[in-house]
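Have a look at the structure below before the remarks.
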Amino acid sequence: MKSGRPPNPDRDNQMKRNCFARQKAQAKYRGEVWNLTWDQWWGTWEPYWDLRGRKLTDYCMRQLDPDLGWEMHNIEMCDRLTFFKEQRKRGQR
């Protein structure tokens, strides 16, 4: 516990919902198809939730084929180092 307060399940759930909404909004901004429901998104993220972050060893969700959009059959979780290596191979950012 960072602040010495007990965990607040409502605050934790709201943070997860905000992350879902942010990822969906970013996909829309980039013109990408988004066909993931909250349940699909959370079901994919749940085992990795405590491993997310900005370090190269932290996890992120990525599309297997960027042309197919955000669909259950087209996403996977991977560490950020793998994500950046794959982007470089494809000639993306």
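Laboratory data are not the source of any read-out in this text; all were calculated from the coordinates shown. Computed from a predicted structure; not experimentally measured. Every residue, glycine among them, receives a Cβ derived from its backbone with ideal geometry; neighbour counts consider all protein chains shown.
Over all other residues within a Cβ to Cβ distance under 15 Å of residue 46, the charged ones net out to -1, with Lys and Arg as +1 and Asp and Glu as -1. Rounded to the nearest Hz, the phi-derived 3J(HN,Hα) couplings of the range 69-81 under the Karplus curve 6.51 cos²θ - 1.76 cosθ + 1.60 (θ = phi - 60°) are x, 8, 10, 4, 7, 10, 10, 7, 9, 8, 6, 5, 4, where x marks glycine and proline.
Under the convention that each Lys and Arg Cβ holds +1 and each Asp and Glu Cβ holds -1, the size of the dipole of the chain around its Cα centre is about 600 debye. For residue 75, the residues 5 or more places off, or on other chains, whose built amide H falls under 5 Å of its own are 64. Relative to the longest principal axis of the Cα atoms of the chain, helix 9-29 runs at roughly 20 degrees. Label the range 14-93 by shape, choosing from rounded, prolate and oblate, from the square roots a ≥ b ≥ c of the eigenvalues of the Cα gyration tensor; if a/c is under 1.5 it is rounded, and otherwise prolate applies when a/b is larger than b/c, oblate when it is not. Oblate, because a/c is 1.5 or more while a/b does not exceed b/c.
Counting lysine pairs in the chain whose alpha carbons fall under 26 angstrom apart, excluding pairs fewer than 8 residues apart on the same chain, gives 13.
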